[in-house]
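To start, the structure itself, in C-alpha cells.
The values are calculated or read from the model by the stated rules, or taken from the named source; none is laboratory data. Remember, it's a predicted structure, so these values are computed and weren't measured experimentally. Cβ atoms come from the backbone with ideal geometry, glycine included; neighbour counts cover every protein chain shown. Each accessible area value is taken on the protein alone, full model and side chains, heavy atoms only, with ligands, DNA and RNA left out. Shrake-Rupley method; radii C 1.70, N 1.55, O 1.52, S 1.80 Å.
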Amino acid sequence: MRARLRRVADRARGIPPVIYSAAGEPPALALTFDDGPSRWTGAVAEALERRGGRGTFFMRGEAVEDSPDIARTVARAGHDVGNHLWSHSDPERQSRAELQDEIGRTADAIYRATGARPALVRPPYCGAPREVARAARNGATRAVVLRSVDPEDWAGPSAEEIAERVLDRVGPGAIVCMHDGIPEGSSGSDTRAPTVAAVELMLPELERRGLEPVTVSRLLGWNRR
C-alpha cells in the first residue's frame, strides 16, 4: 500500500516511475543495450531486425555526439533510443544538479541525432534510480528503466554463456540488460562481439518460446510497434 501511494504521489509531482519489468501483451520481452552507440550497435540492431524484432538502446550522450549517424539509423529502424546519461559516471556519486545536466545534455544530443527526445532513461550501473527519476521530473522522461535479467555480458563471458544466462531467466515481461558499447575506463571486456553473437543465438529460442523481442515502449503499452 505504501509503495502504491508513493507512486501516485510521484505521478502527481511529475516524477517518472522506476520500471524493472512489465506485463508484455502479447507475450513479449525487451532486449536492451547500454553504452552505445558504437561499432557493434548496427550489428545488434540488424540481428534483431532480421527476425522481425526490435530492441532498446540506452545511449551515452558523449557517444551520440561522436556517432549521431548510428543513433539516427537505429531510431529510423524502429528501435527505442533511450537516455544513458552523458559521461557514464556513477549516479550514486552525483548531485541532483549534475544528474539533471547529464540527462538534459544527452536528451539534447539524441534529439539532434534523431529528431525525438528520449522518453526512457537508464542510469549507468542502474544506480540511484529514484534520485535519477527526481532529476528527470517534469521533462520528456516517462520512465526510468532498470532490468529484471542481467547476464553480465560486459565482464567477458562467451556468446554461449551470455545466451544461456538470458534464456535461463527470461519470461514474459522481462527486461534484459546487455551492452553494445564500452565506456572509457571500463573494467570489463574490450569487445562486444560476444553480445552480438549471443543475440543471434538466443533469438530462435525466444521465437520458439513465443517471446517476441519488442521495444520497452511497446512492452509498457505505449505503442504497437
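Some notes on this structure:
- Meets criteria (under 18 Å from Ala23 (Cα atoms), open to solvent by less than 40 Å² (accessible area, probe 1.4 Å), among the polar types (S, T, N, Q) and at pLDDT 95 or above) for Ser217: yes
Residue-wise test of (1) among the charged types (D, E, K, R); (2) buried (at least 24 other Cβ atoms within 10 Å of the Cβ); (3) at pLDDT 95 or above; (4) closer than 11 Å to Ile110 by Cα.
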position: Ala43; (1), (2), (3), (4): no, no, yes, no
position: Glu46; (1), (2), (3), (4): yes, no, yes, no
position: Arg54; (1), (2), (3), (4): yes, no, yes, no
position: Phe58; (1), (2), (3), (4): no, yes, yes, yes
position: Glu62; (1), (2), (3), (4): yes, no, yes, yes
position: Pro68; (1), (2), (3), (4): no, no, yes, yes
position: Thr73; (1), (2), (3), (4): no, no, yes, no
position: Ala77; (1), (2), (3), (4): no, no, yes, no
position: Asp80; (1), (2), (3), (4): yes, yes, yes, no
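- Set Pro157, Pro151: member being assigned to a loop (DSSP other than H, G, I, E, B) and in contact with a strand residue (DSSP E or B) (Cβ under 9 Å, 6 or more places away or on another chain): Pro151
- Pairing each residue of region 140-160 that is small (Gly, Ala, Ser) with any residue that is part of a strand (DSSP E or B), provided the two are 6+ apart or on different chains, yields C-beta distances under 8 Å for Ala143/Val18; Ala143/Ile19; Ala143/Leu120; Ala143/Val121; Ser148/Ile175; Ser148/Val176.
- Residues that are touching a Ser or Thr at 6+ places or on another chain (Cβ under 7 Å) and of a type in the set (Asp, Glu), drawn from region 48-101: Glu62, Asp80
- From the options Ala116, Ala133, residue that is surrounded by fewer than 17 Cβ atoms within 10 Å (Cβ to Cβ) and either in contact (Cβ under 8 Å) with a residue 60 or more places away in the chain or assigned to a loop (DSSP other than H, G, I, E, B) (or both): Ala116
- Residue, most open to solvent (accessible area, probe 1.4 Å), within region 177-211, restricted to residues that are outside any helix (DSSP H, G or I) and more than 13 Å from Trp154 (Cβ to Cβ): Glu184
- In region 109-150, the residues that are within 19 Å of Arg13 (Cβ to Cβ), more than 16 Å from the chain's Cα centre (by Cα) and among the charged types (D, E, K, R): Arg130, Glu131, Arg134, Arg137
- Scope region 140-155; condition of a type outside the set (S, T, N, Q) and open to solvent by less than 50 Å² (accessible area, probe 1.4 Å); matching residues: Ala143, Val144, Val145, Leu146, Val149, Asp150, Pro151, Asp153
- Condition met for Pro129 (under 19 Å from Ser38 (Cβ atoms) and of a type outside the set (Gly, Ala, Ser)): no
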